[in-house]
Each structure stands twice: as structure tokens, then as C-alpha cells.
Amino acid sequence: SRTLLDVRGLCVDYVTESGNIRACDDVDLTLKRGEILGVAGESASGKSTLLNALGRLQRMPAATSAGEIWFHPTDGSDPVDIATLDERELAPYRWTRISVVMQSAMASLNPVIRLGEQFTDVIRTHAPEVSEAAARAQAEELLTMVGISADRLTAFPFQLSGGMQQRALIALSLACDPDLVLMDEPTTAVDVVMQRQILDQVLAAQERLGFAVVFVTHDLSLLLEISDRIAIMYGGKVVEVGTAARLHSSAKHPYTRALRRAFPPLSEPVRRLSGIPGSPPDLLALPAGCAFSTRCGDAMPLCHQRIPQLRDIDPGRSACFLTNGELSDEELAQQLAA
Ligand code: ATP
Ligand code: SF4
Ligand code: MG
């Protein structure tokens, strides 16, 4: 099968003094080998919570409370539900099958170890048979791929610019030829020109090495340019899934459309980020019914009472009564007239 990841019913809770915060609520997602899946949504929609759960990186007070994360290795070995693995069982998956790029490179790179040494450490820890020289050659190749010249291998991370640190981390994430790279806002901390450059390099590396990517950002227009498919999150739930092409031309969910207006194309000369009126919901006090109902211009009476389900639409998925087929034509007409 070409399936790489099959996430079913994933729930992640933060257990806090004020209550249980479900930041990832019954998430279903699939990812094919080599596919780039974008995950978009405003701040606090649960994007990082989801990504951390997929990489098994979450720490207390976060805990996966339900669901399965089936990973199908590309070497044909048996699929495994990585949600059930303990740290020892996870170790062979980290870097070699699943690697991670976080927003702040300096939180992941060791500032006082030379770049080259960090590459050879990672490579030789996971493939002890690789010689020091071969590991170094591989590091040079990866760095060149992201536009960093090989002489920087002797630099310490703190000597590099922010953009270069971020690119070095991306190169490092590819060191063990992973099947899947999880990226959480990897370009948010750099300027727009650098962002463009980094994205082009990631796409070129992806084309060459064939890894799949889950790419998290609040910036939907950026995802429209780089993703194969996109999942939109709101209030901890996935509310729409579709190909980038479909979301570009005919987004079905009112929240997706609002995000589109809030993030005009990167190519626009003056990019004014207007934001969506109102604020994201408090996960401890979600509105009744559809979580978006308090901000939705299309809300109908039922929207304040019943939670719309994420259902298959043709093509993709939507969690809005207007498009998900949950209501009969008659019921929908009634709601629209009310
Ligand atoms: P951003 O775009 O700001 O990075 P996000 O979509 O990545 O936002 P998450 O970081 O996943 O959002 O957070 C989702 C929700 O989970 C938050 O609104 C908050 O309620 C809860 N949350 C996140 N981290 C914690 C924590 N350490 N303790 C308690 N609750 C948390
Ligand atoms: Fe808006 Fe109702 Fe659709 Fe929710 S279900 S997005 S409130 S129209
Ligand atoms: Mg985040």
C-alpha cells in the first residue's frame, strides 16, 4: 500500500487545574508516501498539539487519550501503531523514519557543538556502519541542498544567521533519510524572502529524496502553494480536508474561506494580514454546536445546537452542515429559511 500514516480518532488532552483541555479532538488523517500535507488554523487551534502527538513528542500535561497512529514503513515492514510504543520502542523510528523540524532551530541544535559534528553524530548513531568520512560527505551534500556552503560545517550554530540555522536544522532532519518529516512553522521566525527560499529548498529536497511532510502553519496561502493536501483545524478539530487545488478554487467550509481572506497570496505585492473577526474559541468553554458558530456569517439555528460531523464530500471532507450532507435538502432549506 502507498499509505504512510493513518491516524484514527486521535484525541489529545492537556490536564490542567481548570479542567481537561481537548486540544486535538477525534482527528482522522491519512498521508501517502511522499505526500505533503499542510495543516492550517489560527493560533490555539491544536496544530502543534497534533504534530507533537504524531511525533510522540508531547510532554505533560499533554496526553494522548484516545486514537491510533498507524505508521506504514516504506521498507515494507509491518505497520505499527506508534501511539502504543514506549520510548525504547520509539527510538528506532526517530530520525530514521520520522524526524522533526521545530519553529526555533536553536531549541533543537546544540549551540556549542560544530555543525558538522552534529550531522555525523546523528548519522552514525543511527547507522554505525557509516564511516566518519562518508557521514561528513553526506552532511556536505545535505547542507548544499539547502543552500549552505560546505565550509560552514566547522561553524557553531550560534555563528549562523536565523535563516541559516533553520536551513541547517532542515538539512539535519534529512540526515537519516526519513520517510516522514514533521515541520511546525519552520519558517515563521525568518523574513519573507528567506521564507520563500527555504520553502523552495524543502520542495527541491522533497522531490529528490521522496520523504512525506506534515507542514503546520497558520498561513493558509503558503500551504496552498506547497501542499498536495491540506487539513484545516478549528478548536481542536479538523473541519475541512481537501487537495490544495480544491481548497484554492472552492473551499467548502466557512472557516476555510475566512482563513483564505485573512491570508492573501504570498505573491501579492503588499500583503495585508487582516485576521478573522472575533477570536478563536476557549477550549474550556466551547460554544454549543459548531465551534465556529459564534463567528460564522452563515450560521443557522441548528449550528448553535448540534456539532456538525466531519464527513466525506466529493472530493475531500467537510464538517459544516451546509456542505457535509448531514442534513437532507429539506432540513437544510428549513434551516436556511429560519
Ligand atoms: P499556534 O499557532 O499559536 O502555535 P497551535 O494551533 O499550535 O497554535 P496548540 O499549541 O496546539 O495550538 O494549542 C492548542 C490549545 O492547547 C491551546 O489553546 C491551549 O488551550 C492548549 N495547550 C497548549 N499547550 C498547553 C499546555 N502546555 N498546557 C495547557 N494547555 C495547553
Ligand atoms: Fe457555519 Fe453552521 Fe457551517 Fe458551523 S456548521 S461553519 S456555524 S454554517
Ligand atoms: Mg503551534
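The values are calculated or read from the model by the stated rules, or taken from the named source; none is laboratory data. These numbers were taken from a predicted model, which means no experiment stands behind them. Here Cβ is always computed from backbone atoms with ideal geometry, including for glycine, and neighbour counts include all displayed protein chains.
What to note about this one:
- The requirement of being within 12 Å of ligand 2 (Cβ to nearest atom) and out of contact with any strand residue (DSSP E or B) (no Cβ under 9 Å at 6 or more places or on another chain) is satisfied by Ser293.
- Criterion (of a type outside the set (Asp, Glu), in a helix (DSSP H, G or I) and without any contact (Cβ under 8 Å) to a residue 24 or more places away in the chain) met by exactly one of Ser221, Ser249: Ser249
- Here Ile232, Ile307, Ile276 are screened, and the one residue that is aliphatic (A, V, I, L, M) and farther than 19 Å from Asp26 by Cβ is Ile276.
- Neighbours by Cβ (under 7 Å, 6+ apart or cross-chain): first from segment 51-79, touching a residue at least 60 places away in the same chain (Cβ under 8 Å); second surrounded by fewer than 19 Cβ atoms within 10 Å (Cβ to Cβ) and of a type in the set (D, E, K, R): Gly67/Arg8; Glu68/Arg8; Glu68/Asp81; Ile69/Asp81; Trp70/Asp6; Trp70/Asp81; Thr74/Arg33
- Residues satisfying the stated conditions in segment 265-290, i.e. surrounded by 15 or more Cβ atoms within 10 Å (Cβ to Cβ) and either away from ligand 2 (no atom under 15 Å from the Cβ) or aromatic (Phe, Trp, Tyr) (or both): Leu266, Leu283
- One residue stands out among those in segment 51-77 that are outside any loop (DSSP other than H, G, I, E, B) and at pLDDT below 95: the one that is farthest from ligand 2 (Cβ to nearest atom), which is Ala63.
Residue-by-condition table, conditions (1) buried (at least 16 other Cβ atoms within 10 Å of the Cβ); (2) among the acidic types (Asp, Glu); (3) more than 24 Å from the chain's Cα centre (by Cα):
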site	(1), (2), (3)
Gly55	yes, no, no
Thr84	no, no, no
Arg88	no, no, yes
Tyr93	yes, no, no
Arg97	yes, no, no
Val101	yes, no, no
Met106	yes, no, no
Leu109	yes, no, no
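- Taken together, the residues in segment 127-147 that are surrounded by fewer than 18 Cβ atoms within 10 Å (Cβ to Cβ) and in contact (Cβ under 8 Å) with a residue 40 or more places away in the chain amount to 2.
- Consider segment 167-192 and keep the residues that are part of a helix (DSSP H, G or I) and either out of contact with any helix residue (DSSP H, G or I) (no Cβ under 8 Å at 6 or more places or on another chain) or within 16 Å of ligand 1 (Cβ to nearest atom) (or both). The one that is nearest to Glu140 (Cα to Cα) is Ser173.
- Pair list, Cβ under 8 Å, 6 or more apart: segment 101-118 residue closer than 9 Å to Leu172 by Cβ, other residue among the basic types (Lys, Arg): Leu115/Arg152
- Flag for Ser48 being closer than 15 Å to Val214 by Cα, part of a strand (DSSP E or B) and modelled with pLDDT of 95 or more: no
- Among residues of segment 285-312, those that are among the hydrophobic types (A, V, I, L, M, F, W, C) and touching a Ser or Thr at 6+ places or on another chain (Cβ under 6 Å), counted: 2
- Whichever residue in segment 310-335 is exposed (fewer than 12 other Cβ atoms within 10 Å of the Cβ) and not hydroxyl-bearing (Ser, Thr, Tyr) and, among such residues, is farthest from ligand 1 (Cβ to nearest atom): Glu330
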